[in-house]
Structures are given as structure tokens and as C-alpha cells.
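Quick notes on the structure that follows.
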Amino acid sequence: MSEIALSVKGLTKQIRSKKIVDNVSFEVKKGEIFGLLGPNGAGKTTIIRMIVSLIKRTSGEVYISGKSLDEDFKGAMNEIGAIVENPEFYSYMTGYQNLVHYKRMSRKEIPEEKIMEVAGLVKLEGALKQKVKTYSLGMRQRLGVAQAILHSPFLLVLDEPTNGLDPQGIREFRDYLRTLAASGVSVLVSSHLLSEMELMCDRYAIIEKGKLIHIETMEETTGIQNNSLRDIIFTTDNSAMAIQAIEKQFDFAVSTMDSSRITVSAAYEDAAKINETLVKSGCKVYEIAFEKKTLEERFLELTNHGEEVENK
Ligand SMILES: Nc1ncnc2c1ncn2[C@@H]1O[C@H](COP(=O)(O)OP(=O)(O)OP(=O)(O)O)[C@@H](O)[C@H]1O
Ligand SMILES: [Mg+2]
């Protein structure tokens, strides 16, 4: 089995003269939750619809678990479970009947027990005997996920999956995706909600105006060990003295929080130098803390929107 669940190469969608998806390439690893991030209209849904073959590609290749959509369409599609638009159900049938119906239509042989297993995973066992028309939006969403994973796909593709879910539902959904990923399923998920993606994804790509502009891991984004500037908070016995010492030695932007805490905008490695300077100048340093960078800050940095705002 390939360790790459999804490989997308040069994916392009042109409508009339406009490329709404332009030469997008990325890979999703086995057991990874990979996010497609971008503002409204960036092209996320179009990318996903091409991957799950709901619309034609203008050009580019898609491999699912090593199987090419062009050369082994059925094989590749068997490895995918997806919720793209709102999942459609027969509302006059029960949740259980809907899943049985879907099981019968599947190209893969699905054992009967699998229905209760997936229902359990999405915590829907209790409501399976109810008609779908009595389901809440969250319950429908979970039934959608149950349906998408019924045939044990290698790759789960979800377009804005938490739309309409309440905070509790979003949290459960996230935990659930984690469980799935831990069992080896790979997930491609799109959203424009950065705070949600920050908690959900292992790695992400930023899509802007149809182009993939950046890929990095969430750890690189929010972790402290990358070279970008971040706020470092020094707690000392004397803020005024500390600021004076730093300004004498460095060019970093410094500000006072209160009589014992100052904020210095510097890179991770600078913290040691600043600490040394403070100690040498007679300050007692009690604590050095790094403000965690949020995905939102990183997103604005990468898409240059932060700069645009500052320049205005
Ligand atoms: N069939 C179509 N004909 C013309 N333009 C289209 C078509 N489908 C999508 N577009 C355009 O392509 C762009 C990307 O749309 P897409 O739905 O992929 O964006 P998105 O990133 O999913 O946005 P959202 O966050 O709002 O869901 C948009 O500008 C949209 O208007
Ligand atoms: Mg969309």
C-alpha cells in the first residue's frame, strides 16, 4: 500500500478564459489530516470536486492511493469517501435504511456489521431507527460521514464539513477525525475558518485566487521554532531597566506590559542573546515566554493581507 493517500499534480480548471484552479500540486500522506485553506472563491471546492470526479479537470493528474483517476478510475474512486455538497438522504427512510441502501449501491462488498460500526463511530446508534426528516443538521452531517466511511475508504474528502454544526458538534467531529486519522485514514478537508483548521489539521495548503501559494505543517506555524518574528515576553525585576538594556544593544521592537513584563518582537534564537544582555546589565530575569503564533497571523503574513492593511 502506498504511503501517499492522495497525489495531485498540476491540477487546473479553466472556465472560458479564466483559470479558477491554476496548476495546483500537493500530496496527502497516510493518516494525515490535510487542510485546504483560502478565502471565499479561492477555488477550494473546485479542487475537491475535481478530485472526487464531480467535475472534469482541464488538466492535471490525481492519484488516490497510487491509483490514477485516468488509468484506474474505479479503483481510485473505491478508495475515496466524500462529502462535497450537503449529503443527500431519503428523508422518509430511517438513518439505518439510508445506510443499508447506500451499502447495496456500493461497488465494494460491505459486511452488515459495518453499518453499526460506523454509526457508533459518529455516535448515531441511538438515532438510527429514526426517520432522517427528524434529524438535526448535525445528525445529518454525521450520517453523511457515516455514509462516506461505510466502504472503508483510504481517503476521506470533506468540503467545509463543520458548516452548520454547533461548537459541541464541531469538537466531536474534530475528535472523530483524529480517531479516523489514527487508524490510518487520510483526510482532505477544506475550510475558510482558520481557528477551526488550526485545531484540526496536521498540515495545510493556502489557496488564493486558484493558486496554491504555500504548504506547511501546523507545528511549523504555531510552534516556536521557525525564523519568523514573534512576541517574546521577558519577566524581570525592572521593566524600565530591561528596556533600556535591550534598546542599547539591539534594534528589536520593545514595549512595556507592566512594571515586571516587557514584550520583545524577535526570532526564537534571539531570546538567548537578549537574556544574556539583560543579565549582564543587572536585570533579574524570572521568565521567558513565547507568544504562540496563531494560524490567522500566519495566514495574513503569507497572503500579505497584513501588509496591505498596515499600508492603508
Ligand atoms: N461553473 C463555474 N463557472 C464559472 N465560475 C465558477 C464556476 N464554479 C466556480 N466558479 C468560480 O471559481 C472560483 C472558485 O470557486 P470555489 O467554489 O471553488 O471557491 P471556494 O474556495 O470553494 O469558496 P468558498 O469558500 O466560498 O466555498 C469562484 O470565483 C467562483 O465564482
Ligand atoms: Mg467552497
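Would you mention how many residues in segment 36-45 are within 6 Å of ligand 1 (Cβ to nearest atom) and touching a strand residue (DSSP E or B) at 6+ places or on another chain (Cβ under 8 Å)? Residues that pass the stated criteria total 5. Would you be able to say whether some residue in segment 28-35 is near ligand 1 (Cβ under 8 Å from one of its atoms), more than 14 Å from residue 9 (Cα to Cα), assigned by TED's automatic domain parsing to the domain that holds residue 176 and under 19 Å from the mean Cα position of the chain (by Cα)? No, segment 28-35 contains no residue that is near ligand 1 (Cβ under 8 Å from one of its atoms), more than 14 Å from residue 9 (Cα to Cα), assigned by TED's automatic domain parsing to the domain that holds residue 176 and under 19 Å from the mean Cα position of the chain (by Cα).
Considering only residues in segment 53-68 that are within 24 Å of residue 202 (Cβ to Cβ) and either of a type in the set (A, V, I, L, M) or in a loop (DSSP other than H, G, I, E, B) (or both), the one that is nearest to ligand 1 (Cβ to nearest atom) turns out to be 62. Would you confirm whether or not segment 216-226 contains a residue that is without any contact (Cβ under 8 Å) to a residue 60 or more places away in the chain, within 16 Å of ligand 1 (Cβ to nearest atom) and closer than 30 Å to residue 21 by Cβ? No: zero hits. Here residue 254 passes the criteria (1) surrounded by 16 or more Cβ atoms within 10 Å (Cβ to Cβ); (2) touching a residue at least 24 places away in the same chain (Cβ under 8 Å); (3) not charged (D, E, K, R) except the one numbered (2). Taking segment 223-253, which residues are touching an Asp or Glu at 6+ places or on another chain (Cβ under 6 Å) and at pLDDT 95 or above? The answer is 235, and nothing else. When the criteria are applied in full, residue 123 meets the requirement of being on the phi > 0 side of the Ramachandran plot, part of a loop (DSSP other than H, G, I, E, B) and at pLDDT below 90. Among the residues here, residue 162 qualifies as within 16 Å of ligand 2 (Cβ to nearest atom) and of a type in the set (S, T, N, Q). Within segment 4-23, does at least one residue satisfy the condition of being at pLDDT 95 or above, farther than 25 Å from residue 86 by Cα, within 15 Å of ligand 1 (Cβ to nearest atom) and surrounded by 15 or more Cβ atoms within 10 Å (Cβ to Cβ)? Yes - at least one qualifying residue is present in segment 4-23. Within segment 156-184, the residues that satisfy the criterion of being among the aliphatic types (A, V, I, L, M) and in contact with a helix residue (DSSP H, G or I) (Cβ under 9 Å, 6 or more places away or on another chain) are 156, 157, 158, 165, 170, 177, 180. In summary, strands (runs of 3 or more DSSP E) completely within segment 132-229 and bearing 1 or more residues that are out of contact with any Gly (no Cβ under 9 Å at 6 or more places or on another chain) and surrounded by fewer than 15 Cβ atoms within 10 Å (Cβ to Cβ) occur at 211-217.
Yes/no matrix, rows are residues, columns are (1) within 20 Å of residue 5 (Cα to Cα); (2) more than 15 Å from the chain's Cα centre (by Cα):
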residue	(1), (2)
133	no, yes
141	no, yes
145	yes, yes
161	yes, no
175	no, no
186	yes, no
195	no, no
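All of 257, 197, 241 fail the test of being aliphatic (A, V, I, L, M) and under 30 Å from residue 154 (Cα atoms), apart from 197.
The values are calculated or read from the model by the stated rules, or taken from the named source; none is laboratory data. These numbers were taken from a predicted model, which means no experiment stands behind them. Positions of Cβ are backbone-derived with ideal geometry, glycine not excepted, and every protein chain shown enters the neighbour counts.
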